[in-house]
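Novice: Take a look at this one; I'll ask things after.
The values are calculated or read from the model by the stated rules, or taken from the named source; none is laboratory data. Only a predicted model underlies this, so the values are computations on that prediction, with no experimental measurement involved. Cβ: placed from backbone, ideal geometry, glycine included. Neighbour counts: every protein chain shown. Note: accessible area is taken over every heavy atom of the protein model, side chains too, but ligands, DNA and RNA are not part of it. Shrake-Rupley method; radii C 1.70, N 1.55, O 1.52, S 1.80 Å.
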Amino acid sequence: MTFTLLIRLAGPLQAWGTASRFMHRDTDPERPTKSGVIGLLAAADGHHRDAHDTDYPDALPLAVLAELRFGVRADRPGVLIRDYHVVGGGRFPVRPRDLIVDPKRAEAAERKPVENVEGAFGTVELSSWYGAPKGIHRDESGRLQAGVTTKRMPLITNRWYLSDAAFVAAVESGDRGLLEHLANRLDRPRRMVWLGRKNCPPAEPLNHGVHDGDLESVLARTAPLPNSTTSSPYSWVEVTQDEPDAVPVMDQPASFTSRDRVHVQRWERRRIIPPVAPTITWETE
């Protein structure tokens, strides 16, 4: 017998990246990714990106979570929006790090305080500064110096989001105890949970219970979300490669390590699973 955990994903903003780089942060324009939802469950359980983390040694391994069968229904697809985002630049106050590594400020740090002047050493600012200095080394006197550049310039990044979206995500397993454990973690997460990106908090409770049945049957018994925009929403359900209309997607998480993120291929099918006499309902709003 199989069981399915329902997860409500609703908030002002969501971002489920598929090919993000620093200067361009995308989001899947249609629905959350499996990697994103498994990452949310991993964070709730206390999992850390780096395998050597010991804050929660009993956190489930990523391999266990990645084996869950995944599906998601777009009750309210939302609107794709772009955030024109500028990072850095401008004028910054003196910081201890700058006093140590910036030759223009090192001498000021060694002077005696000046009376009746703003700040301990007066006001020392640079017109442009971005990022930590590179090539830090010691000069002949033993003072730390920045060997490449101390200039900072603003960086422009494009960040895409789904605005005002709401989804019903589901994970399926033959182990009911595993799903109930994850449901409890969603109610009392060990780490902060987000809808794909750290500035996208959930607006509603995530956990909507563990139910008997596979993904398709549970989604068919689940009523549309209160703010749904369609009575026949699209669903994306994980399938095997040999099933009709199966398409490959590269969002099966194999490693969340910051310096070595790995995603492999899985297969899914898009279809409409209309709610028929739904018995799984949502709270009254």
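Novice: Explain nothing, just compute: Karplus ³J(HN,Hα) = 6.51 cos²θ - 1.76 cosθ + 1.60, θ = phi - 60°, for every residue of segment 230-240 in order, whole Hz, x for Gly and Pro.
Specialist: 8, 8, 10, x, 6, 10, 10, 10, 5, 9, 7
Novice: Apply the Karplus parameterisation 6.51 cos²θ - 1.76 cosθ + 1.60, with θ equal to phi minus 60°, to every residue of segment 71-85 and state each ³J(HN,Hα) to the nearest whole Hz, in sequence, with x for glycine and proline.
Specialist: With the stated coefficients, segment 71-85 comes to x, 8, 10, 9, 6, 9, x, x, 10, 6, 10, 10, 9, 7, 10 Hz.
Novice: Probe radius 1.4 Å, ligands and nucleic acids ignored: give me the carbon and sulfur share of the accessible area of segment 199-285 as a rounded percent.
Specialist: 51
Novice: Right, next: If amide H atoms are built 1.01 Å from N in the plane of the peptide, which residues on other chains or at least 5 residues away come under 5 Å of the amide H of Q252?
Specialist: Excluding prolines and chain starts, which carry no amide H, the hits are V264, R266.
Novice: May I pose another question? Rounded, prolate or oblate for segment 2-74? Axes are the square roots of the Cα gyration tensor eigenvalues, ordered a ≥ b ≥ c, and the cut-off for rounded is a/c under 1.5.
Specialist: oblate
Novice: If each residue of separation counts as 0.36 nm, what is the full-extension length gain between E67 and T157 once their alpha-carbon separation is subtracted?
Specialist: Answer, rounded to one decimal: 29.0 nm.
Novice: Right, next: Rank these by accessible area, largest first, 1.4 Å probe: T281, T2.
Specialist: T281, T2
Novice: Just to be sure I understand the curve: with the Debye formula and one point per C-alpha of segment 146-235, what is log10 I(q)/I(0) at q = 0.22, 0.25 Å⁻¹?
Specialist: -1.31, -1.39
Novice: Next question. Can you list residues from other chains, or at least 5 along the same chain, whose modelled amide H is less than 5 Å from the amide H of I273?
Specialist: For I273, whose amide H was placed from the backbone, the distant partners under 5 Å are S235.
Novice: Need one number: nm distance between label points at L80 and S231, each 7 Å from Cα along Cα→Cβ, rounded to one decimal.
Specialist: A separation of 2.9 nm, rounded to one decimal place.
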